[in-house]
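The values are calculated or read from the model by the stated rules, or taken from the named source; none is laboratory data. Every value quoted in this text rests on a predicted model; they were computed, and no experiment measured them. Every residue, glycine as well, gets a Cβ built from its backbone with ideal geometry; the counts of neighbours run over all protein chains shown.
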Amino acid sequence: MDLLIILASGVATGTVLLYATVGEAFAERSGILNLGVEGMMLIGAMAAYKTAAATGNAWLGLLVAMLAAGLISQVHAFITITLQADQVISGLALNFLATGISLVLGEGLTSLRDVVPQLPKFTIPGLAQIPWLGRVFFDNQSILVYAGFLFIPLAWYYINRTRPGLHLRAVGEYPAAADTLGIHVYFLRYFYVFVGGTLAGLAGATISLSISPGWFGALTTAGQGWIAVGLVIFAQWNPIRAAFGAYTFGALRRLVLDIQAPVLIFGLANPFYSNLNYAFFLKMLPYIFTVVFLVIGSREANRKRIGSPAALGLPYIRGQRGL
Amino acid sequence: MKKKTFWLVISLMLIAAFVFTACQPAPEEVGGVQIPDIEDGKFNVAIVMLSNHDDGGWSQAQWEGINYLEENMDGVHTAYLELVAEGADSEQVFRALARKGFDLIFGGSFGYMDSMEVVAEEFPDIGFVHISGYKFNGTNFGNMFGEMEVMKYAAGMIAGSRAKADGATRVGGMATFPIPEEFRLFNAYALGVQETCPDCDVDIRWIFTWHDPIVEREGADSLFDAGSHVVMTGADTPASALAAADREGVYGITYDWVGSCTIDECLTAPYWVWGPVFVRITEEVQAGTYPYMADYFDASTGGVALYGFMDGQELQPGVASLPADDLAKIQAVMDGAAAGEFDRFDVFAGPIVDIDGNIVVPDGEFMTQADIDQFVPGAPGFEATYGMYWWNQNIAADLPDL
């Protein structure tokens with residue numbers, strides 16, 4: 001059991017969660033809860049794979065995946081922002097809609113495997129020579145993993161240090177006040193739901209073009225979208241924490257498998273060897289953290305402290321009292 | 001005033017909508033699943049599947065089987081239902097299908113077992129056949145499965161031969177859940193490895209899923225990183241071969257569906273051929289001779305197969321380049337299986353020794369069907385002597401607690 005391999009694997013597969021989680025964080029920061037992440041990821045995975053298969057160009061697949069998932073997210077935006085319907089119900093409905101669409105359009109994609117191009121994997125020379133860190137972060141990773149490294153600080157900087165980021169937070173915290181300042185509340189909410197959709201699409205494309213290339217029907221994403229929804233709370237709507245959570249989640253998933261091997265740990269016999277209870281416990285940990293944060297977040301005073309956007313889940317109706 | 005007219009128009013339209021839809025029967029929907037119609041004058045067969053019909057694995061193999069039935073039997077109409085969740089939802093679906101008038105209903109996932117048992121009791125004139133379970137009533141509810149362990153044994157011989165030819169001493173297996181079926185299939189695999197590579201050991205990972213591209217990918221990576229030369233999966237996706245493709249000179253073995261083994265790094269795929277099985281059962285049900293018991297079909301029926309060795313298929317490059325005497329041995333097993341001369345009881349023939357050196361099955365003794373299906377002590381009236389809770393001596397893993 002090699003800790004560096006486990007962490008490197010966590011970074012590789014955690015990238016899926018990273019994109020989906022940060023995307024959802026953008027949408028929620030603007031005040032719109034979108035539970036349709038899983039469905040949007042499926043759309044992305046299907047569109048990416050289908051386009052790459054049809055055109056022979058994986059990059060085009062990536063682009064189409066992001067646009068397609070962004071587009072489908074606008075259904076949710078229209079229902080919750082313009083029609084002011086319940087965000088939870090609309091998000092769940094979006095899941096059904098998106099899953100159905102991706103299954104219909106994905107018909108016949110399962111048998112194409114050998115001809116579909118994938119996104120490149122490479123080692124970054126120089127950086128890969130850094131002891132420890134090099135092997136975890138820069139050794140034979142997908143280009144989408146490296147893109148993730150750039151994306152995390154950019155997303156954080158955008159939200160916390162730029163004027164558009166300030167507008168985003170204002171719209172999610174106190175839309176009425178933002179409106180009086182001339183910020184386009186409706187437009188910005190539409191826009192950030194779209195951003196959330198494109199990032200969910202990117203997450204789906206990461207699966208179907210890089211991690212496990214292929215289309216496997218409704219189980220292609222296997223619940224990753226739901227984990228992302230939980231991880232947003234764990235991450236407290238912060239991209240850097242989201243990255244930490246996503247990579248940890250990925251690494252734990254791999255650790256669960258590696259501790260089953262009959263190997264030495266620090267020169268001692270593996271105490272977890274073949275005792276599946278330890279595997280269950282480790283598998284449970286990220287979910288426990290999420291539940292703990294949910295419980296903490298259920299108290300109004302605590303919600304503020306962990307950074308929940310005050311107007312999250314509430315429709316904004318111009319001229320009405322309240323948020 | 002304007003607003004009032006608007007609402008009046010809306011209400012009128014709504015009333016009209018209700019009136020017009022009432023004239024036409026809407027398609028029946030149960031648990032989010034649309035129930036298909038039967039065709040009068042034909043023998044109507046339905047299959048209920050867990051995943052979507054093109055999932056690239058277990059459900060797709062069943063879907064192709066039901067299509068084969070439709071194309072190859074006159075007077076039979078078939079329908080399939082996909083994405084039906086196990087448990088209470090499925091019970092409603094089975095009941096709705098029975099009420100609709102289907103004559104024979106297949107259930108394609110383990111978790112449908114109890115629902116089918118309940119509904120079968122309510123509709124004694126309709127046949128229910130459950131794939132992969134263990135319950136049956138002898139009158140109209142039976143279970144059915146096939147001799148996949150022979151194919152897994154041959155796949156193990158291929159894996160062992162490949163490892164030995166390349167100078168490796170370890171192969172891997174990704175098991176799904178600690179149930180008798182998985183012990184059976186991976187013990188068969190390990191016995192096959194032992195046949196062609198006596199020095200090899202078999203590493204095992206429990207992945208606790210039947211179909212998850214990411215977890216399967218990580219399981220395969222975990223095994224390759226721990227030194228496995230070939231990884232066989234017990235789950236649906238081709239992740240074992242895809243993970244091998246990212247490395248140098250290692251191989252994967254996929255499962256369930258004939259189309260899953262497409263890349264050069266895939267050695268072979270043990271897969272299901274449901275078409276002829278469905279045709280046989282449908283014929284027997286029509287004739288009134290189907291026994292509705294535990295129907296465990298042999299490899300000689302053609303219901304299970306090994307990719308590369310069947311008619312019209314070519315050996316994958318990683319198999320074609322194996323040593324000739326190993327290939328001859330593997331071919332002999334496949335020929336024996338097709339002729340009915342080599343079956344599951346030959347795979348699990350004594351002497352079998354477990355990881356602790358204890359003798360599981362003594363020399364000259366054989367396991368029974370009850371042993372192959374269950375853990376000791378087995379169901380009442382179907383007792384197991386040896387059972388399936390053991391690992392073959394070349395497996396490099398402890399038995400998990402159940």
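Just one of A:THR55, A:THR99, A:THR110, A:THR51 is of a type in the set (Val, Ile, Thr) and under 28 Å from A:TRP237 (Cα atoms); which is it? Reasoning before the result, please.
Numbers: A:THR55 fails: under 28 Å from A:TRP237 (Cα atoms); A:THR110 fails: under 28 Å from A:TRP237 (Cα atoms); A:THR51 fails: under 28 Å from A:TRP237 (Cα atoms).
None of the other options fit; the residue is A:THR99.
If you scan the range B:169-217, which residues turn out to be part of a loop (DSSP other than H, G, I, E, B) and surrounded by 24 or more Cβ atoms within 10 Å (Cβ to Cβ)? Outline the logic, then answer.
Of the residues in the range B:169-217, the ones part of a loop (DSSP other than H, G, I, E, B) are B:169, B:176-179, B:197-200, B:207-212.
Within the range B:169-217, B:CYS197, B:CYS200, B:ILE207, B:HIS211, B:ASP212 meet the criteria.
Go through the range B:223-240 and give me each residue that's more than 7 Å from chain A (Cβ to nearest Cβ), closer than 21 Å to A:ALA218 by Cα and not in a loop (DSSP other than H, G, I, E, B).
Within the range B:223-240, B:THR233, B:SER240 qualify.
With the condition kept exactly as written, say whether any residue in the range B:284-306 is within 14 Å of another protein chain (Cβ to nearest Cβ), more than 21 Å from B:GLU182 (Cβ to Cβ) and not in a loop (DSSP other than H, G, I, E, B).
Restricting attention to the range B:284-306, the residues satisfying the condition of being within 14 Å of another protein chain (Cβ to nearest Cβ) are none.
No, the range B:284-306 contains no residue that is within 14 Å of another protein chain (Cβ to nearest Cβ), more than 21 Å from B:GLU182 (Cβ to Cβ) and not in a loop (DSSP other than H, G, I, E, B).
Of the residues in the range B:108-132, how many are touching a Phe, Trp or Tyr at 6+ places or on another chain (Cβ under 6 Å) and part of a loop (DSSP other than H, G, I, E, B)?
1
So in the range A:115-139, with the set limited to residues that are part of a loop (DSSP other than H, G, I, E, B) and touching a residue at least 40 places away in the same chain (Cβ under 8 Å), which one is farthest from B:GLU265 (Cα to Cα)? Explain how you work it out, then say what you get.
Narrowing the range A:115-139 to residues part of a loop (DSSP other than H, G, I, E, B): A:116-120, A:123-126, A:130-132, A:138-139.
With touching a residue at least 40 places away in the same chain (Cβ under 8 Å) added as a condition, the list becomes A:116-119, A:132, A:139.
Working: A:VAL116: 15, A:PRO117: 16, A:GLN118: 16, A:LEU119: 19, A:TRP132: 30, A:ASP139: 22 Å.
Within the range A:115-139, the match that is farthest from B:GLU265 (Cα to Cα) is A:TRP132.
Based on what the data block shows, is B:VAL333 within 23 Å of the chain's Cα centre (by Cα), in a helix (DSSP H, G or I), among the β-branched types (Val, Ile, Thr) and under 27 Å from B:TYR68 (Cβ atoms)?
yes
Tell me, yes or no, whether the range A:102-112 has at least one residue that is modelled with pLDDT of 90 or more, outside any helix (DSSP H, G or I) and not hydrophobic (A, V, I, L, M, F, W, C).
Here is the first cut: in the range A:102-112, the residues modelled with pLDDT of 90 or more are A:102-106.
This time we only want the ones that are outside any helix (DSSP H, G or I), so: A:106.
Add one more test, that the residue is not hydrophobic (A, V, I, L, M, F, W, C), and what stays is A:106.
Yes: one or more hits.
Filter the range A:60-91 for residues that are touching a Pro at 6+ places or on another chain (Cβ under 9 Å) and either crowded, with 24+ Cβ neighbours inside 10 Å or in a helix (DSSP H, G or I) (or both) and give the result.
The answer is A:GLY61, A:THR80, A:ILE81, A:GLN87.
Could you check how many residues of the range B:157-168 are among the small types (Gly, Ala, Ser) and outside any helix (DSSP H, G or I)?
Filtering the range B:157-168 for residues among the small types (Gly, Ala, Ser) gives B:159-161, B:163, B:165, B:167-168.
Still in the running and outside any helix (DSSP H, G or I): B:167-168.
So the answer is 2.
In the range B:81-101, which residues are in contact with a strand residue (DSSP E or B) (Cβ under 8 Å, 6 or more places away or on another chain), small (Gly, Ala, Ser) and not in a helix (DSSP H, G or I)?
Of everything in the range B:81-101, just one residue is in contact with a strand residue (DSSP E or B) (Cβ under 8 Å, 6 or more places away or on another chain), small (Gly, Ala, Ser) and not in a helix (DSSP H, G or I), namely B:GLY101.
Among the listed residues B:ALA154, B:ALA220, which satisfies the condition of being within 14 Å of chain A (Cβ to nearest Cβ), in contact with a Ser or Thr (Cβ under 9 Å, 6 or more places away or on another chain) and part of a helix (DSSP H, G or I)? Before you say what the answer is, go through the steps one by one.
On the way: B:ALA154 fails: within 14 Å of chain A (Cβ to nearest Cβ).
Among B:ALA154, B:ALA220, only B:ALA220 is within 14 Å of chain A (Cβ to nearest Cβ), in contact with a Ser or Thr (Cβ under 9 Å, 6 or more places away or on another chain) and part of a helix (DSSP H, G or I).
What about A:ALA218, is it part of a helix (DSSP H, G or I) and at pLDDT below 90? Lay out the reasoning, then the answer.
Details: part of a helix (DSSP H, G or I): yes; at pLDDT below 90: yes.
The answer is yes for A:ALA218.
Determine whether the range B:305-323 contains at least one residue that is aromatic (Phe, Trp, Tyr), without any contact (Cβ under 8 Å) to a residue 60 or more places away in the chain and in contact with a Cys (Cβ under 8 Å, 6 or more places away or on another chain). Before you say what the answer is, go through the steps one by one.
We begin by selecting, within the range B:305-323, every residue aromatic (Phe, Trp, Tyr); these are B:307, B:309.
Checking the rest, the ones that are also without any contact (Cβ under 8 Å) to a residue 60 or more places away in the chain come to B:307.
Filter again for in contact with a Cys (Cβ under 8 Å, 6 or more places away or on another chain), leaving B:307.
Yes - at least one qualifying residue is present in the range B:305-323.
Answer with yes or no whether A:LEU199 is under 26 Å from A:LEU92 (Cβ atoms) and within 11 Å of chain B (Cβ to nearest Cβ).
On the way: under 26 Å from A:LEU92 (Cβ atoms): yes; within 11 Å of chain B (Cβ to nearest Cβ): no.
It is false that A:LEU199 is under 26 Å from A:LEU92 (Cβ atoms) and within 11 Å of chain B (Cβ to nearest Cβ).
Given the conditions (1) away from every other protein chain (no Cβ under 12 Å); (2) closer than 21 Å to B:PHE177 by Cα; (3) not in a helix (DSSP H, G or I), and given that A:GLN236 satisfies all but one, which numbered condition is not satisfied?
Of the numbered conditions (1) away from every other protein chain (no Cβ under 12 Å); (2) closer than 21 Å to B:PHE177 by Cα; (3) not in a helix (DSSP H, G or I), the odd one out for A:GLN236 is (2).
Go through the range B:374-402 and give me each residue that's away from chain A (no Cβ under 14 Å), under 25 Å from B:MET174 (Cα atoms) and out of contact with any strand residue (DSSP E or B) (no Cβ under 8 Å at 6 or more places or on another chain).
Those that are away from chain A (no Cβ under 14 Å), under 25 Å from B:MET174 (Cα atoms) and out of contact with any strand residue (DSSP E or B) (no Cβ under 8 Å at 6 or more places or on another chain): B:PHE375, B:VAL376, B:MET388.
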